[in-house]
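> Structure below; questions to follow.
Read-outs: derived from the displayed coordinates by stated rules, not from any lab. Please read these numbers as outputs of a predicted model, since none were measured by experiment. As a convention, Cβ positions derive from the backbone with ideal geometry for all residues, glycine included, and neighbour counts pool all protein chains shown.
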Amino acid sequence: MQKVRRVISVIVMNESSVLARVTSLFAGRGYNIDSLTVAPIPGSELSHITIVTKGSNKVIEQIIKQLHKLIPTLKVIEHEEMVEKEMVLIKFPIDENLSDIAALCSAYNGGIVNVGVDMVIAMASDEPVRIRHFIEAAQRYSPCEVVRGGVVAIER
Amino acid sequence: MQMSGAQMVCEALIAEGVKTVFGYPGGAIMNVYDEIYKQDGFEHILNRHEQASVHAADGYARSTGEVGVAMVTSGPGFTNAVTGLATAYMDSIPMVVISGQVPLSLIGTDGFQEIDAVGISRPCTKHNYLVKSVKELPGILKEAFYIARSGRPGPVLVDIPKDITAEMGEFEYPKEISIPTYKPNYKGNERQIKKAADAIKKAKKPLLYIGGGAVLSDASELIRELAKKTEIPAVETLMARGVMGAKNPLLLGMLGMHGNYASNMAMSETDLVISLGARFDDRVTGKLSEFAKYADVIHVDIDPANIGKLVDVDYPIVGDISTVVQKLLLALEDVNTDNYRAWREILNRYDELHPQSYQDSDEVLKPQWVIERIGELLGEEAIITSDVGQHQMWAAQHYPFDRPRQWINSGGLGTMGFGLPAALGAKRGNPDKTVINITGDGSILMNVQELVTASEYRIPVINVILNNHFLGMVRQWQTFFYDKRYSETDLSYQPNFKALAEACGGIGFDVTTKAEFDAALKEAIEQEKVCFMNVAINRLENVLPMVPSGGALYNMLLEHKDQ
């Protein structure tokens, strides 16, 4: 069956082991997690979990229902029309061409955010597909370390 | 009112109306046991293994409809309880298990008898809690009972560190509870119900497919009324035996891997499946692509995740079976039962062609005869529990179950060792009923220590051991599918079951003939002691019909040359 990519937002009570409930559901039932981010929702007792997953439509439907079944889950939002953003941090050697790196970052809503003795750290934040392009483009400047932040999404 | 966490546990159990707790003490739960010693609001049954405590609470819950309660200590006490939790989880049984835990300050240090109970039990509980402060304890206990019994029922674990049971706090047990993130839907969508009723009226070959949810929802009376009004034939799953009643002319029997011919053919040829609290388990459907392939599907279930999980559904209805069937009855006021007459006649012919039957013998006792005999002698009066294997299937096929909650077995997880402790729980919850555990010579040894519990508390359950000196169901598969290579299934070496029962304070009988069986059962009932009836049956008897694993439901083995 055709696998589709889906971004699912889960609004849960911000309580201990809630993240474990969500992730062990995926592990136990053999679902994929491509990326997962979680943070408290300001001014509430809730947390917002954003999961990017792949599966057939039947599997996606089950994932959503099973997530909903967890007692601390308030809401599961799955929508084709989500605004998605992701952030990435990349460490480059300081002797690379810094102005080129800075120009590249600014094309992806980022810039150089830290300069050390041997290294600079650059940041970009953009749609997940564009972040992948950014990482590819960054390869020519010998990146030492790449840390992706995972997708966050909000309904349009 | 100020009290310790341990007192809070007892007060909460009393407030919930708990009459019997099954359990086993140990270091981390001792504070609670100290309070149990001082109170007289409920009784405590000391099983001889934690697994048995949880199964006993489970049997109590299944037979009474109340929430079963078990109590265990941390570490090995808890891990022993896991099989019991998983058994209850798979069959959606309402249960609260309270476990001790090492003190908060020791959690995470690999302390003595420390294990991550909430981590281990996450996939086999409906919900679980690690209590982090005495302040939250009353609320958590209230939630635990509420979650266990509401919506799709299930077991809930409350893991309580030892220092919290010692700590003093304010106890006020909440009267009402509302969990904003948990709102089960009981009602069923009116428009969907209307559409389903219209589909039923248009169908030519509709079939009621009744599952364990009908028992949990206490929907038996309503479903019988639905069948009577519409004259639509019905099949039951293993978990639904008793819902329609054995004498009901509209009941075809049990469907699935060991279902009877008419039931499986009905499912294969129906044009409208009306699923009431069933979940299309692989042991029921056989090969999915061939299952009910000419049918539209109405699926009524309280758990939305069950709907569309395995089979595409045309009329999904999320709701409580009783509530939905009530509304269906109203919507079917003008149903024309003649529409289904031709269909009923076809199915009756199927049943005449291959009725559920067996070849009786004068030389050796047949397990099917034993079960039918118990049915003749005790009928609706008895509660029948079982373990897992051939005896379980024979019991499901041949006992005349007449009411829901009469048949208690581990359907989803298939737990050997369930029967005896579950029988203890069922008998404690129904002291006026005769409780018979139909078991095998393999299964009975898996919780045999409960003979002692039964003797100590004078719980006279009768264990009918259908003894073929084999791990029979595995042996049957080896006969059919593994060229008779009987790998590790020969149980010829076995204890003296009669002496074993007697050594534990019970009574025992060795039975080899029909006359001996009748005499032994009569005496067992009169003596009111826990009993082993060691019944020597035909060694190579098979459970038939059988749909080979993964095969289509209509491809049944109806006989086997080794029979």
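> Just rank A:LEU67, B:LEU104, fewest to most, by other beta-carbon atoms within 10 angstrom.
Exposure proxy ranking, most exposed first: B:LEU104, A:LEU67.
> Residues with amide H under 5 Å of B:MET71's amide H, sequence separation 5 or more or different chain, H placed in the peptide plane at 1.01 Å from N; which?
When sequence neighbours closer than 5 places are left aside, the close amide H contacts are B:PHE22, B:GLY23, B:TYR24, B:ILE98.
> May I pose another question? Whose amide H sits under 5 Å from the amide H of B:GLN101, counting only residues 5 or more places off or on another chain, with H placed in the peptide plane?
Those qualifying (amide H under 5 Å, at least 5 residues apart or on another chain) are B:ILE160, B:LYS162.
> Also: As a test of the formula, what do you get for chain B when each DSSP H run with n ≥ 4 contributes -39,500 (n - 2.57) and the sum is divided by the residue count, at 222 nm and rounded to the nearest 500 deg cm²/dmol?
Result for chain B: -11000 deg cm²/dmol, rounded to the nearest 500.
> A further question follows. With N set to the residue count of segment A:83-155, report its C-alpha Rg divided by 2.2 N^0.38 Å to two decimal places.
Working it through for segment A:83-155, the quotient is 1.05.
> Going by alpha carbons, how many degrees (0 to 90, nearest 10) lie between the helix axis of A:128-138 and the longest principal axis of chain A?
Taking Cα atoms only, the helix is inclined about 30 degrees.
> Here is a further query. What average number of partner chain Cβ atoms lie no more than 10 Å from the Cβ of the residues making up B:122-133?
3
> Let me ask something else about it. What are the ³J(HN,Hα) values, in whole Hz, obtained from phi via the Karplus relation 6.51 cos²θ - 1.76 cosθ + 1.60 with θ = phi - 60°, for each residue of segment B:508-517 in sequence order, with x given for Gly and Pro?
x, 9, 9, 10, 10, 10, 4, 5, 4, 4
> Follow-up question, since we're still on this one. Under 20 Å between alpha carbons, and skipping anything fewer than 8 positions from B:LYS135 in its own chain: which aspartates and glutamates qualify?
A:GLU15, A:GLU45, B:GLU11, B:GLU16, B:GLU35, B:GLU143, B:ASP159, B:ASP163, B:GLU167, B:GLU170, B:GLU172, B:GLU176
> Counting Lys and Arg as +1 and Asp and Glu as -1, each charge on the Cβ, what is the dipole of chain B about the Cα centre in debye, to the nearest 20?
1140
> Further, regarding this structure: Of the cross-linked pairs A:LYS69/B:LYS287; B:LYS126/B:LYS287; A:LYS3/A:LYS75; B:LYS204/B:LYS228, which ones have a Cα-Cα span greater than 19 Å in the structure shown?
A:LYS69/B:LYS287; B:LYS126/B:LYS287; A:LYS3/A:LYS75
> Please order B:LEU544, B:LEU252 by the number of other Cβ within 10 Å, starting at the fewest.
Listed from fewest to most nearby Cβ atoms, that is B:LEU544, B:LEU252.
> Within the P(r) computed for segment B:190-353, what percentage of the Cα pairs occupies the region above 26 Å?
Of the Cα pairs, 15 percent sit more than 26 Å apart.
> Determine ³J(HN,Hα), in whole Hz, for all residues of segment A:48-53 in sequence, where each value follows from phi through the Karplus function 6.51 cos²θ - 1.76 cosθ + 1.60 and θ = phi - 60°; x replaces Gly and Pro.
Karplus values, whole Hz, x for Gly and Pro: 10, 10, 10, 10, 9, 9.
> Okay, moving on. Expressed as a whole number of Å, what is the distance separating the alpha-carbon centroids of segment B:349-408 and segment A:57-87?
Using only Cα atoms to place each centre, the spacing works out to 46 Å.
> Let me spell out the model: positive unit charges on the Cβ of Lys and Arg, negative unit charges on the Cβ of Asp and Glu, origin at the Cα centre of segment A:13-156. What dipole size does that give, in debye rounded to 20?
Dipole of segment A:13-156, to the nearest 20 debye: 620 debye.
> Ok, one more. My understanding is that a pair violates if its Cα-Cα distance is over 30 Å; which of B:LYS38/B:LYS142; A:LYS65/B:LYS327; B:LYS19/B:LYS162; B:LYS132/B:LYS175; A:LYS85/B:LYS183; B:LYS19/B:LYS366 do that in this structure?
Violating the 30 Å Cα-Cα cut-off are A:LYS85/B:LYS183; B:LYS19/B:LYS366.
> Report, for segment B:367-536, the % of DSSP beta bridges that are antiparallel, rounded to 5.
Roughly 5 percent of the DSSP beta bridges within segment B:367-536 come out antiparallel.
> May I pose another question? Of B:ASP483, B:ASP163, how do they rank once you tally other Cβ atoms within 10 Å and put the fewest first?
In order of increasing Cβ crowding within 10 Å: B:ASP483, B:ASP163.
> Now for a different question. Looking only at chain B, where both bridge partners belong to it, what percent of the DSSP beta bridges are antiparallel (to the nearest 5)?
10
> Further question on the same structure: Setting aside same-chain residues fewer than 8 positions from B:LYS433, which lysines have a Cα under 16 Å from its Cα?
B:LYS522, B:LYS529
> Based only on the alpha carbon positions, what is the Kirkwood hydrodynamic radius of the protein assembly as shown, in angstrom?
Result for the protein assembly as shown, one decimal place: 28.1 Å.
> Now, a different point. For segment B:2-170, what are the per-bin percents of Cα-Cα distances with bins 10 Å wide, up to the bin holding the maximum?
Histogramming segment B:2-170 at 10 Å steps yields 12, 46, 37, 6, 0 percent.
> Let me ask another. In sequence order, what are the phi-derived ³J(HN,Hα) couplings for segment B:477-486 according to the Karplus relation 6.51 cos²θ - 1.76 cosθ + 1.60 with θ = phi - 60°, rounded to whole Hz, with x for glycine and proline?
So the Karplus estimates, Gly and Pro as x, are 5, 5, 4, 6, 10, 10, 6, 6, 7, 7 Hz.
> Under 5 Å between amide hydrogens, which residues at least 5 positions from B:VAL18 or on another chain qualify, with H placed 1.01 Å from N in the peptide plane?
Close amide H contacts, sequence-distant or interchain: none at all.
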